[in-house]
Amino acid sequence: MKTQYYTATSLDGFIADSHHSLDWLFQFGEVPEGSYPQFLSEVGAIAMGSTTYEWILKHEINQDAACSQGWAYEQPTWIFSSRTLPIIEGKKIHFVKGDVRPIHKEMMKEAGGKNIWLVGGGDLVGQFYDYGLLDEIIVQIASVTLGSGAPLLPRSITNPPLKLISAKTYGTAFAELRYEVCKHDD
């Protein structure tokens with residue numbers, strides 16, 4: 001069981017542009033023969049921040065979405081937010097706030113031996129990292145630069161550095177890097 005951050009980023013390290021848009025990413029369509037289907041099959045619990053959840057509501061679920069898709073996850077999902085957010089009825093969604101450590105323990109129990117996916121954003125993932133709970137970072141790097149926006153992971157990780165496990169290309173637009181997060185001393 002691992003706690004993993006799986007995401008896409010621009011070459012200059014942003015997961016969304018300065019307007020919270022992912023249009024830069026969606027221009028590529030589906031990643032050819034990407035790792036996402038296999039990755040998702042190994043996930044037993046999901047965590048995301050309120051900005052990510054609201055983006056999903058606006059762009060994939062609500063009636064004003066270009067093509068309403070519904071909630072995409074079967075796994076129990078924890079939404080970290082200090083605000084009251086809309087509820088999606090009939091889905092295993094838990095709204096939580098505060099320290100990530102007790103929630104991580106709960107997620108581990110619910111995951112049934114499968115991995116925990118930290119969808120994002122970067123600051124939430126950073127909180128898991130701060131407490132030594134992040135095991136792996138899997139990042140799809142797209143062949144664009146954004147100049148500014150939401151950073152991939154707003155933390156300094158230098159000592160010990162991340163350990164590169166694998167690097168793979170997908171088509172002509174993506175490189176996937178997989179890193180082990182070496183545990184840091186407090």
So, of the residues in the range 72-127 that are among the aromatic types (Phe, Trp, Tyr) and modelled with pLDDT of 95 or more, which turns out to be surrounded by the most Cβ atoms within 10 Å (Cβ to Cβ)?
TRP117
Those residues of the range 141-186 which are in contact (Cβ under 8 Å) with a residue 60 or more places away in the chain, of a type in the set (Val, Ile, Thr) and touching a helix residue (DSSP H, G or I) at 6+ places or on another chain (Cβ under 8 Å), in sequence order:
VAL144
Out of the range 107-136, which residues are closer than 24 Å to TRP55 by Cβ and acidic (Asp, Glu)?
GLU110, ASP123, ASP130, GLU136
Does VAL43 fit the bill of being touching a helix residue (DSSP H, G or I) at 6+ places or on another chain (Cβ under 8 Å) and either at pLDDT 90 or above or of a type outside the set (Phe, Trp, Tyr) (or both)?
no
I'd like to verify a number: residues in the range 18-34 that are modelled with pLDDT of 90 or more, among the small types (Gly, Ala, Ser) and surrounded by 15 or more Cβ atoms within 10 Å (Cβ to Cβ), how many?
0
Run ILE15 past the list (1) surrounded by 14 or more Cβ atoms within 10 Å (Cβ to Cβ); (2) farther than 17 Å from ILE138 by Cα; (3) in contact with a Leu (Cβ under 8 Å, 6 or more places away or on another chain) and report the number of the one that doesn't hold.
(2)
Is it the case, given these coordinates, that LYS58 is surrounded by fewer than 17 Cβ atoms within 10 Å (Cβ to Cβ), of a type in the set (Lys, Arg), farther than 30 Å from LYS168 by Cβ and at pLDDT 95 or above?
no
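State whether the residues of the range 131-139 include one that is touching a residue at least 12 places away in the same chain (Cβ under 8 Å), aliphatic (A, V, I, L, M) and within 15 Å of LEU25 (Cα to Cα).
yes
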For the range 1-107, list the helices (runs of 4 or more DSSP H) that sit wholly inside it and hold at least 1 residues that are in contact with a strand residue (DSSP E or B) (Cβ under 7 Å, 6 or more places away or on another chain) and hydrophobic (A, V, I, L, M, F, W, C); which are they?
23-26, 36-41
Assess whether GLN38 counts as being in contact with a helix residue (DSSP H, G or I) (Cβ under 9 Å, 6 or more places away or on another chain), closer than 22 Å to ILE137 by Cα and modelled with pLDDT of 90 or more.
no
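The values are calculated or read from the model by the stated rules, or taken from the named source; none is laboratory data. Keep in mind that what you see is a predicted model, and the values were worked out from it rather than measured. Quick reminder, even Gly has a Cβ in these numbers, built from the backbone with ideal geometry, and neighbours come from all protein chains shown.
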